[in-house]
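In what follows, a single structure is set out as structure tokens and then discussed.
Bear in mind that the values in this text are calculations on the coordinates, not laboratory data. For clarity, every value in this text was computed on a predicted model and none was experimentally measured. A quick note on method: Cβ atoms are made from the backbone with ideal geometry, for glycine too, and the neighbour counts reach across all protein chains shown.
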């Protein structure tokens with residue numbers, strides 16, 4: 001099975017070789033049929049510390065790199 005990829009915004013780059021990426025998605029409420037926004041933060045590995053707050057990046061699932069890191073930054077879509 002291929003590793004899943006997601007696109008999100010970098011919200012923190014204060015840790016060394018790690019960025020926090022906010023993934024936002026919309027899901028339909030089962031009863032009310034309205035779309036609601038779901039947000040989740042993922043820690044992703046950024047080997048060269050090249051991504052900063054505000055950048056839109058693509059992350060990919062990988063083998064565990066630490067207690068909380070399960071993703072790697074693949075590419076930068078847009079940003080500063």
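Key figures
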read-out: Bridge type composition, the chain - antiparallel percent by DSSP, nearest 5; value: 90
read-out: Length added when fully stretched, residue 77-residue 40, from 0.36 nm per residue minus Cα-Cα; value: 11.4 nm
read-out: For the chain, the spread of Cα positions along each principal axis, largest first, Å; value: 45, 32, 21
read-out: Virtual spin-label span in nm between residue 29 and residue 56, 7 Å along Cα→Cβ; value: 2.8
read-out: Theoretical gain in end-to-end length, residue 22 to residue 66 [0.36 nm per residue, Cα-Cα removed]; value: 14.0 nm
